[in-house]
Structures are given as structure tokens and as C-alpha cells.
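Report on the structure given below.
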Amino acid sequence: MTDIPLGSGSSMLANLWSQQRVWLATALILAMTAVLDPTQGLESLQFTVDALVQTAPYLIASIALAAYAGASGADNLIARAFTGSPILMIAVAAAFGGLSPFCSCGVIPLIAALLAMGVPLSAVMAFWLASPVIDPAMFALTAGVLGWEFAIAKTLSAIGIGLLGGYATLTLTHSGALANPLREGVGNGGCGASSVRTPKPVAWAFWRDPARRQKFGREALKTALFLFKWLALAFVLESLMVAFVPAEWIITTVGSNGIGSIAIATLVGVPAYLNGYAALPLVSGLIEQGMAPGAGLAFLVAGGITSLPAAIAVWALARRPVFALYVAFALSGSLLSGLLFQLWLS
């Protein structure tokens, strides 16, 4: 009979949790919800499945592009395009993020690919701060519900916060901080990444090379598993927030008039995730009831930047100091955007 070392069971459980903690956490949350409230458990499961299905086309396209870039070697060209003047790259990243058609979910694989390619953290910070706030479809809907001034202000806020975060991150990087900004296995980061230092020829028709085909499959599977496990957790948490954070509570909290409501709306908007499209009519109703427009803008911008899919993506990719900076930029940038918009209107 083989002796089993004492403590081997606990070490196996610890190893399992370390490797699969995101999936296990998602399953545990769903199981606890189902036990405490069976109806909500089913609704949360259905919400998560529906959300994953809706975002699947964007994710599949992004995963395929990221895997193609790695297998063909095109990531060398993309990484090299982000080298040169950091000041210019941050401006381009913020503008692209503010005007790009990516949703907060669809942009996650692109962010992961940019970091793995060695794009500087400052440019990526500018992009991921600006991207979740606005896109062409959101701009059109915002203009229809809240007016053109509000839509333009939201777009300028997205770009402005991207610039703020990008240049602040660049300053911190130059001072020696954020030396190791990324979690293990995400990428080697920085301007001097290997993909930039040692560029190789691009094989656009990578499928002709068996080794590159295998690399495409590995990269696609690795990226897909990484994205879906974090998005599944994000959507489960989102379903619970939608169920247990009623709109009436938000109205009571941020529905007051005046500059003070801008600060409250910013603080409430950061943790309180609302679907960007669903939040527009809510904010419109609040403004009609007397809420300061600047508070409405701060709420939308703060909630957009720190939406669960976007925030969890940053948490999964970057170390805690970088995530703390991300939240700090969301708070300060949203507050400043709301104040400036209210000042301009008055």
C-alpha cells in the first residue's frame, strides 16, 4: 500500500485553486447564488451565457487577429509602429481608443496582444482608458438621447482621460516606477521588447508552414481560454449588480442638483457598473429631474471606464499598482470631465 504524504490533499487543492481560481470562483458564485436564490441563480447563468454569445463574434475576430499576428510575425510590425516618440504614441493611442469601434469586451484581446508585443505601458494605458467610454454607435445614441453637446463632451472626455493616464504613466515609468507592470506570462513589455529588438520577416501566408500553423492554434486557444474565463466572471458579477443595485438607489444617490453631485456621481459610477446603452435613458431622466449635466457625464464616464469587463481585464493583465493607477485615473479624469462640462454649460 502506497503511503500518501500528509498534507498532499491540501497541496493538491491549493495547486488546483492556483491554476483554475477564476473558473472556480465563477462556479462558486453561481452555486451560492443558486442556493440562496434559485431564481436569481438561473437568471445569472442565463445572463452570462447570453452575454458571452453576444460578445462572441467580437471576441472570435479579435482572437483570430491576435493569433494571426503572432503566427505570421505581423506583431513585429505592430510593435514597431508603437515605437518612436512616446509623446506621439500616447496621443495616437488616446485618439484611437476614443474613436475606435471596439466595445469594452472586444478591446480586451487587443490590449493583451499589444502588451505581449512589447508596446509601452503608457500608450496602452491611454488606449484602455479611452476605449470603453465611447464608440461610434455609442456616440450616435448619446447624441439622440442626451444631445450633441453631451456626445461631444463624452468623446473629448475619453480622449482627455486617455492622455492624462498615458502621460502620467510615462512620467512614472521614467522616474523608475512600474518597472514590472505586467503579470507573469502576459508579455515582456516596454519599448525594448524582443519583437522590436529582433524583428523577423513576416510570413503573411503562415498556414504554409506547419510550425506557424501550430503556433496559430496554440495562441488562439490560449487567448480564448484567458478571455472567456475572465469575461464569464465579469458577466456573473454584472448580473448580480443589475439584480441587486436598483435604479431607484442610483437616482436617490446622484439625483441631486449642483456641483457636489458631480463628485458623488463619480464615486458611485466607478463601482456601479451599468450597461452603457441602458445608462443613457437613466441619466436623461435624472437630468430632467434636476441632476446637474456634469454629474451625468461624470457618472457615465466613470462607469464606462471601470465597467466590469474592462476593469477585470486590466486586473488580469497588470499588477496591482497599475490597476490602482487605472482606477485613480478613472476617478480623477471623470471628476475633472464633469466639472469642466458643467462649467462650460454655465
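The values are calculated or read from the model by the stated rules, or taken from the named source; none is laboratory data. Source: prediction; values computed, not measured. Because the Cβ atoms are built from the backbone with ideal geometry, glycine has one as well, and the counts that use them run over all protein chains shown.
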| field | Test for Leu282: is it at pLDDT 80 or above, part of a helix (DSSP H, G or I) and farther than 15 Å from Val133 by Cβ | value | no
The correct count of residues that are surrounded by 20 or more Cβ atoms within 10 Å (Cβ to Cβ) and either over 17 Å from Thr173 (Cβ atoms) or touching a strand residue (DSSP E or B) at 6+ places or on another chain (Cβ under 8 Å) (or both) in region 323-334 is 4
> Leu65: among the aliphatic types (A, V, I, L, M) and either more than 30 Å from Val92 (Cα to Cα) or modelled with pLDDT of 90 or more (or both), yes or no?
Replying inline: no
In region 305-346, residues that are part of a helix (DSSP H, G or I) and either of a type in the set (A, V, I, L, M, F, W, C) or at pLDDT below 85 (or both) total 28
